[in-house]
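The values are calculated or read from the model by the stated rules, or taken from the named source; none is laboratory data. These numbers come from a predicted model, not from an experiment. Every residue, glycine as well, gets a Cβ built from its backbone with ideal geometry; the counts of neighbours run over all protein chains shown. Each accessible area value is taken on the protein alone, full model and side chains, heavy atoms only, with ligands, DNA and RNA left out. Shrake-Rupley method; radii C 1.70, N 1.55, O 1.52, S 1.80 Å.
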Amino acid sequence: MNREQLTVIRGLVGDAIAQQDLPALEKAYRDFRAGMDSLKADFEQQLRVDEQKTPAGQEVPQ
């Protein structure tokens with residue numbers, strides 16, 4: 001976790017908890033980031049599939 005991320009975490013949970021549970025917070029943050037990265041990859045893959053199905057210049061139905 002970089003300094004900026006740690007500052008945000010401290011703002012959310014407080015300094016005392018951040019200091020006491022830093023390893024747990026770092027693990028939770030890594031798990032969160034991994035989940036978000038996976039979600040992003042899934043959405044990007046779905047967008048590519050949708051683009052391949054839709055002829056150029058045609059709108060994708062919402």
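Screening the candidates Leu39, Leu6 for the property of being at pLDDT below 90 and either polar (S, T, N, Q) or not in a loop (DSSP other than H, G, I, E, B) (or both) yields one hit, Leu6.
One line per residue, one yes/no per condition, for (1) modelled with pLDDT under 90; (2) open to solvent by 80 Å² or more (accessible area, probe 1.4 Å):
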{"position": "Gly11", "(1), (2)": "no, no"}
{"position": "Lys27", "(1), (2)": "no, yes"}
{"position": "Phe43", "(1), (2)": "no, yes"}
{"position": "Arg48", "(1), (2)": "yes, yes"}
{"position": "Lys53", "(1), (2)": "yes, yes"}
{"position": "Val60", "(1), (2)": "yes, no"}
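Evaluated against (1) small (Gly, Ala, Ser); (2) exposed (fewer than 12 other Cβ atoms within 10 Å of the Cβ); (3) touching a Lys or Arg at 6+ places or on another chain (Cβ under 6 Å), Ala18 falls short on exactly one condition, (2).
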